[in-house]
Amino acid sequence: MRWVVALGLLVCSAGCQQQADDPVEAPARTGASGANAPGTRPAGPPKPISKAVLDAGGVTFDSVAGKTREFAFGASRDEVEQAAARVFGPPDGRSSNAECGAGPMEFARFGVLTLNFQQDKLVGWLAREGPQVVTSDGIRPGTFMRDLKVARSARMIEGSTLEGEFDYLAADGQTIGGFVNGSGRDARIESLYAGVNCFFR
């Protein structure tokens, strides 16, 4: 009987030693996550990939996390800026110009997108190159002008006092303007605009 007990202890000792030496995967934690462990940065909610979809009549703010808000020209400045801030964060700057051809205007810049206001109403936009802005028919600042001419009816504006100014007929039949940088096949769309802008011609 003693021999049997001793043999059992011997087998257990060998087996337990082998298990202790084997790598063991740590069980998944519940409650506190590893991201909140000391010395690590807490993981916040994933930041949505957001954008502004632009057209000749206004702007739509969109995000993969959620909600789409459409604003036609004439929409309230407060509502437009609040929606823009949810997508882009607080405005990078605000400015005004009392000498615009269309009358005094105010501007709010959200990264590459500038929103134009008159009497606290959205009246226009100007977009420069960046991944978060695109027109409703898929045109982005930064692309080659030659590609736009293939996709849409685009033309340089003859007699414009602004260098590189062009416009094109969007998919909805409305006109969007813009400016190119460079010439020939290397010309790229530097910016796009619609509505009322403050250009000195």
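The numbers here are math on the coordinates, done by the rules we state, and not lab data. All of these numbers come straight from a predicted model, not from anything done at the bench. Please note: Cβ atoms are built from the backbone with ideal geometry, for glycine as well, and neighbour counts cover all protein chains shown.
Across region 53-201, the mean sequence separation of Cα contacts (distance under 8 Å, 6 or more residues apart), normalised by length, yields a relative contact order of 22 percent.
Protection proxy ranking of 113-121, 67-75, by the mean of other Cβ atoms within 10 Å over each peptide's residues and highest first, is 113-121, 67-75.
Less than 5 angstrom separates the built amide H of Cys100 from those of Met105, all sequence-distant by 5 or more or on a different chain. Working value for region 82-133: equivalent-ellipsoid semi-axes of 20, 12, 9 Å, each the square root of 5 times a Cα gyration tensor eigenvalue, largest first.
Each label was represented as a point 7 Å from its Cα along the Cα-to-Cβ direction; for Gln82 and Asn97 these points are 2.9 nm apart. Taking Cβ atoms as reference points and 10 Å as the exclusive limit, the residues near Phe110 contribute a net charge of -1, counting Lys and Arg as +1 and Asp and Glu as -1. Taking the Kirkwood radius as Rh and the Cα radius of gyration as Rg, region 50-195 has a ratio of Rg/Rh equal to 0.96. Phi angles across region 156-169 convert, under the Karplus curve 6.51 cos²θ - 1.76 cosθ + 1.60 with θ = phi - 60°, into 3J(HN,Hα) values of 6, 7, 5, x, 5, 7, 9, 5, x, 6, 9, 9, 8, 8 Hz, Gly and Pro given as x.
Shape annotation for region 150-201: C-alpha extents along the principal axes are 29, 27, 18 Å, from largest to smallest.
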